[in-house]
Amino acid sequence: MYKIIIKMELVEKYLSIFLFLLMLSVITIQIMSRYFFSFAIPWTEELSRWLYIYIVFVGASEAISRRDHIAVDIVPNRLGNKSGLILDVLIHGLFAVVSLIIVHHGYIFAERMDRLGSITMDVQMSALYGAVPLGFILAFIKSSLNAAISISKLIQPQSGNATVTSHLCK
């Protein structure tokens, strides 16, 4: 399981870097065309917005695997290792179920947006709204893997290292 998480993080990392550099390039082209050539390229603003949305959803999945997302940790910090692992399994299991629901409804919504085109790029809007199911599929996989790792730590605790955060892949 650790190898899967590490490989997924590596792919997400490079995908995020690529999308960010592409967004930076598009914004640079936009700025240069406006201020140096007095000509606005209409598709650059829309493409940079689309790229940002994809960066957010890919980055959210990476945050789930690294447990860098916003969390209220008052209760988990006061629990013992075993209770903390049980709570971790419940949280990640619930989030995996919610992720699947969002994937389902996000796919339906993206499919409905197939009839609409973007204003400046002449691309179907379903390509934009497809970021939601894609991001939550990744989140489902990461939450399921995190829950499975916590379950394995409950079943076979490691000597002195069976805490919730002891499997972070950094």
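With R₀ set to 22 Å, the beta-carbon distance separating Phe109 from Arg49 gives a calculated FRET efficiency near 0.75. For the chain, the spherically averaged projection of the C-alpha convex hull amounts to 11.8 nm². In summary, the lysines within cross-link reach of Lys142, defined as a Cα separation below 16 angstrom excluding same-chain residues under 8 places away, comprise Lys3, Lys7, Lys13, Lys170.
Taking the charge dipole of the chain about its Cα centre, with +1 at Lys and Arg Cβ atoms and -1 at Asp and Glu Cβ atoms, the residue from Tyr107, Ser150, Leu90 reaching farthest to the positive side is Ser150. Between Ile4 and Phe18, the contour length at 0.36 nm per residue exceeds the Cα-Cα span by 2.9 nm.
Per-atom-type breakdown for region 17-92 gives carbon and sulfur 71% of the accessible area (1.4 Å probe, protein chains only). Counting only heavy atoms of the protein chains and using a 1.4 Å probe, Glu45 has close to 90 Å² of accessible surface. Applying both filters, DSSP loop and at most 12 other Cβ atoms within 10 Å, to the chymotrypsin sites (Phe, Trp or Tyr not before Pro) of region 10-64 gives Phe36, Phe37, Phe39. Farthest toward the positive end of the dipole of region 39-79, out of Asn77, Pro42, Tyr52, is the Cα of Asn77, where the dipole comes from beta carbon charges about the Cα centre.
If a spin label sat at a point 7 angstrom from the Cα of Ile70 along the line to its beta carbon, no backbone N atom of region 89-103 would be nearer than 14 Å. Region 1-78 and region 86-154 have Cα centres lying 16 Å from one another.
Angle of helix 42-66 to the longest C-alpha principal axis of the chain, folded into 0 to 90 degrees and rounded to 10: 10°. Entry comment: accessible area of region 23-150 is 60 Å² per residue, from protein heavy atoms only and a probe of 1.4 Å.
Compute the long axis of helix 2-35 from its Cα atoms, compare it with the longest principal axis of the Cα atoms of the chain, and write down the angle in degrees, 0 to 90, nearest 10. Value to nearest ten degrees: 20. Averaging the sequence gap over all C-alpha pairs within less than 8 Å and six or more residues apart, then dividing by the number of residues, gives the chain a relative contact order of 29 percent.
With each run of n ≥ 4 DSSP H residues scored as -39500 (n - 2.57), what mean residue ellipticity at 222 nm is computed for the chain after dividing by its residue count and rounding to the nearest 500 deg cm²/dmol? Computed mean residue ellipticity for the chain: -25500 deg cm²/dmol.
The angle separating the long axis of helix 81-112 from the principal Cα axis of greatest extent in the chain is about 30 degrees. Modelled spin-label separation between Ser83 and Ile41, with each label point placed 7 Å from Cα along the Cα-to-Cβ direction: 5.8 nm. Dipole check for the chain: with +1 at the C-beta of Lys and Arg, -1 at the C-beta of Asp and Glu, and the Cα centre as origin, the magnitude is about 520 Debye.
The values are calculated or read from the model by the stated rules, or taken from the named source; none is laboratory data. Treat the numbers as computed from the prediction; the structure is a model and nothing was measured. Glycine also receives a Cβ, built like all others from the backbone with ideal geometry; neighbour counts cover every protein chain displayed. For accessibility, only protein heavy atoms count, side chains too; no ligands or nucleic acids. Shrake-Rupley method; radii C 1.70, N 1.55, O 1.52, S 1.80 Å.
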